[in-house]
Amino acid sequence: MSLVAGKRLVLALTISMLAASCSPAVDIQDSVARIEATACNRATVGSAFAVETDLLMTNAHVLAGVESDIGVVTPDGEIHTGVVEAFDPLLDIALVRVAGLDAVPVTFAASIVGDVGFIGAVVKDGVVTPVSHTVLRHIVANSGDIYDQGVVSRPAVELRAAIDPGTSGAAVFDELGRVIGLAFAENRNDDITYAIGQELLADFLAEPRASSDTGRCRR
């Protein structure tokens, strides 16, 4: 084999390995969806994941100020209509009930520092674009609510991951396809993503539903 051919083979193998590293080892297609809505005459989009067959979890900031029905696009191209069932601007968590949806609910698991996985972002037309991540540390995130007011403390997971707009509300999966958090913020300069910890998500589901009022729009 020539040196040039050898270099081409190494390059091809490297590209193949990189592509494989960003592909989930488990099928999440039936557990995730894209959220599309309008708030104050502006389009708002985000990702979501199933916690019941017809109930999705996402970020509250994705739905702030939404007054009409919500479009829900699944990876198989189906389009559904959802309504907000719970909206918490402090924790930045929301639930959307989707009539006729038959999704596969996720399971939750604790995150472990050093573990790898993927963020199940759903981009345009319902296409799932997994983003690989590494768990860096567990923190208590002290930040404002979705309107950047006050100080809210919540358990969070800091991840090495670079996410794009539309990823808000996406589930953070471990390599076995279990949800360890809900992506809600990022530091793009350092390729850091923050996720609300799964313990808080589970507690939110167990509590009586918060208000379904989506509040005012975010600026």
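Annotations for the structure displayed:
- Search result, residues across segment 147-173 that are more than 12 Å from the chain's Cα centre (by Cα) and under 15 Å from GLU199 (Cβ atoms): SER153, ARG154, PRO155, ALA156, VAL157
- In segment 188-204, residue surrounded by the fewest Cβ atoms within 10 Å (Cβ to Cβ) [restricted to those that are touching a Leu at 6+ places or on another chain (Cβ under 8 Å) and in a strand (DSSP E or B)]: ILE192
- If you go through segment 70-100 and keep only what is over 11 Å from ILE35 (Cα atoms) and outside any strand (DSSP E or B), you end up with PRO75, ASP76, GLY77, GLU78, PRO89, LEU90, LEU91, ASP92, ALA99, GLY100.
- Per the conditions (1) crowded, with 19+ Cβ neighbours inside 10 Å; (2) more than 25 Å from HIS138 (Cα to Cα); (3) out of contact with any Ser or Thr (no Cβ under 6 Å at 6 or more places or on another chain); (4) not hydroxyl-bearing (Ser, Thr, Tyr), the sole criterion not satisfied by MET57 is (2).
- Yes/no for GLY169 being surrounded by 20 or more Cβ atoms within 10 Å (Cβ to Cβ), among the small types (Gly, Ala, Ser) and not in a strand (DSSP E or B): yes
- Condition met for ALA185 (assigned to a strand (DSSP E or B) and touching a Ser or Thr at 6+ places or on another chain (Cβ under 8 Å)): yes
- Filter result for VAL62 (part of a strand (DSSP E or B), touching a residue at least 40 places away in the same chain (Cβ under 8 Å) and buried (at least 16 other Cβ atoms within 10 Å of the Cβ)): no
- In summary, THR58 fulfils each of the numbered conditions (1) over 22 Å from the mean Cα position of the chain (by Cα); (2) modelled with pLDDT of 85 or more; (3) at negative phi with the single exception of condition (1).
The values are calculated or read from the model by the stated rules, or taken from the named source; none is laboratory data. Quick caveat, the model's predicted, so the values are computed rather than measured. No Cβ is skipped: glycine too gets one built from the backbone with ideal geometry, and neighbour counts run over all protein chains shown.
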